[in-house]
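Here the structure comes first, spelled out in structure tokens, and everything after it is commentary.
The values are calculated or read from the model by the stated rules, or taken from the named source; none is laboratory data. This structure is a prediction, so every number in the text was calculated from the model and none was measured. A quick note on method: Cβ atoms are made from the backbone with ideal geometry, for glycine too, and the neighbour counts reach across all protein chains shown. What goes into the accessible areas is simple: the full protein's heavy atoms, side chains included, and nothing from ligands, DNA or RNA. Shrake-Rupley method; radii C 1.70, N 1.55, O 1.52, S 1.80 Å.
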Number of protein chains: 2
Amino acid sequence: MQSKKPFAQGVLRRSGLAQFIDHTLLRPDARPMEVANHCREAVRHGFKAVCVNPFHLGLAAGFVAGQGVLPITVVGFPLGATLTSVKAFEAREAVNLGAREIDMVINVGQLKTGKTRPVLEDIAAVVQAAAPCPVKVILETGLLTDDEKRIACHLAVEAKAAFVKTCTGFGTGSATVEDVKLLRREVGPDFGVKASGGVDSAEKAWALINAGANRIGTSRSTMILGG
Amino acid sequence: MQSKKPFAQGVLRRSGLAQFIDHTLLRPDARPMEVANHCREAVRHGFKAVCVNPFHLGLAAGFVAGQGVLPITVVGFPLGATLTSVKAFEAREAVNLGAREIDMVINVGQLKTGKTRPVLEDIAAVVQAAAPCPVKVILETGLLTDDEKRIACHLAVEAKAAFVKTCTGFGTGSATVEDVKLLRREVGPDFGVKASGGVDSAEKAWALINAGANRIGTSRSTMILGG
């Protein structure tokens, strides 16, 4: 049962939250100067990672080097509907530029046909291209039925990804406690679950963590931590 | 001056409109069967092109082969914030799969810094990778000032692209008469201007064409033509 005063520990509690957070800046109009500020925030707050578009990855990797913050990026983002060869190439380029984790988008349209092999191969190609860098598989849960979410989880595990992740934040849908519970149940205790999309308060972040998420993706990280 | 009855010519008028239209299906959850239906519609209505995500391009190219409809796709879509190397690779892969035109997204964040050379090189790399296939440069006008739109137009011309294009349809903003006039003025009479984003009626399509667009991108093409 949850404490009635989950935030009573103040700074310590907030600091604990920071280590769950991928501090995210994926706006297409973000300028390098904003990316640099974003990285400074990540270092100051002790966030787990800074997540930026591939174009900004080199800059971000330089900024957070040796600061205990992982530079991470996205692949096939946010539609997931490009070619597997392109996703794999993008992942490899990102790793060469210093990416320490890759958040790829699953092929949603293909998943919906029920033919799982091309979806599996798409994920596996990115996992292989990114190796040994861990890969998160964004399911875009807002577009999926519960059955499709379950199948996607099993494909991510089978393809040797490291995480399943709820949403891109650019489509419909947001991270929900129900979806995180479903994802955690399907992938088991030793796989990653990242909750992202619409996470705009510490309360929501902790609720998602309590539901089974071990990572939170949000662009509102500093607001969540109170400055 | 425009006629007071611009649609009096009925079917003929609508048929004229079809040849301006890139019939577009870029939803991430579109299944191959929907893409096939989309291609059938394009052939039936005599649309200029069918625009689909890279994953569906091979299917679309097969469907419209020999039918007078161009199979086209998108690159760096819709954020435009991936690496130049990835955009060029994606363009080359698409051309190899049968793409007859490439709609790429400009690097908006870089454009906003005022440093134009990386933006120019980004476009030029895609133009070169796609050659001789024409390249359209999506400016995402909803994110730009008028000055930035003007600069982007000049960069697209200098990089030897074939078109400038207003919007992805996935971001803020939509095709406006004012923006099309601005784009046409900047690129001159011999360059392409594609109006896309929020084009949902024949009236709007013709207004954009009258303002200087020689191509319209829309997912609501069959509705616009009345079925």
> For region A:58-142, what class follows from the C-alpha gyration tensor (a ≥ b ≥ c being the square roots of its eigenvalues): rounded when a/c is under 1.5, otherwise prolate if a/b is larger than b/c, else oblate?
Replying inline: prolate
>> Given a 1.4 Å probe and heavy atoms of the protein chains only, how would you sort B:Ser219, A:Ser201, B:Ser196, largest accessible area at the top?
In response: B:Ser219, A:Ser201, B:Ser196
>> Counting only protein heavy atoms, probe 1.4 Å: which residues of region A:107-140 lose 10 Å² or more of accessible surface in the full assembly compared with their chain by itself?
In response: A:Asn107, A:Val108, A:Gly109, A:Gln110, A:Lys112, A:Thr113
> Tell me, what is the percent relative contact order of region B:2-225, built from C-alpha pairs under 8 Å that lie six or more residues apart?
Replying inline: 17 percent
> Taking accessible area as the heavy-atom solvent-accessible surface of the protein chains with a 1.4 Å probe, which residues of region B:41-66 lose no less than 20 Å² upon going from the isolated chain to the full protein assembly?
Replying inline: B:Asn53, B:Pro54, B:Phe55
> Could you work out the helix-only [θ] at 222 nm for chain A, with each DSSP H run of four or more residues adding -39,500 (n - 2.57) and the total divided by the number of residues, to the nearest 500 deg cm²/dmol?
Replying inline: -13000 deg cm²/dmol
>> Counting only other residues whose beta carbon sits under 14 Å from that of A:Ala162, what net charge do I get with K and R as +1, D and E as -1?
In response: +2
> Of all the residues in chain A, which one has the C-beta that comes nearest the axis relating A to B, and what is the distance in Å?
Replying inline: A:Phe89, 3
> At B:Arg220, label 7 Å along Cα→Cβ: distances to the other copies, nm, ascending?
Replying inline: 3.0
>> Can you compute the radius of gyration and Dmax for region A:2-225, using only the Cα atoms, both in Å?
In response: 16.4, 50
>> Under the rule of at least 5 residues apart or a separate chain, name every residue whose amide H is placed under 5 Å from the amide H of A:Asp103.
In response: A:Thr73, A:Val74, A:Val75, A:Lys136
> If eta is 1.002 mPa s and T is 20 °C, what Stokes-Einstein diffusion coefficient results for the protein assembly as shown, Kirkwood Rh from Cα pairs, in µm²/s?
Replying inline: 95 µm²/s
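Given a 1.4 angstrom probe, what's the average accessible area per residue across chain B, in square angstrom?
40 Å²
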> Check A:Leu70: other-chain or 5+ apart residues with amide H under 5 Å from its amide H, H built from backbone geometry?
Replying inline: A:Ala49, A:Val50
>> Using just the Cα positions, wrap region A:151-227 in a convex hull and report its mean projected area in square nanometres, one decimal place.
In response: 5.0 nm²
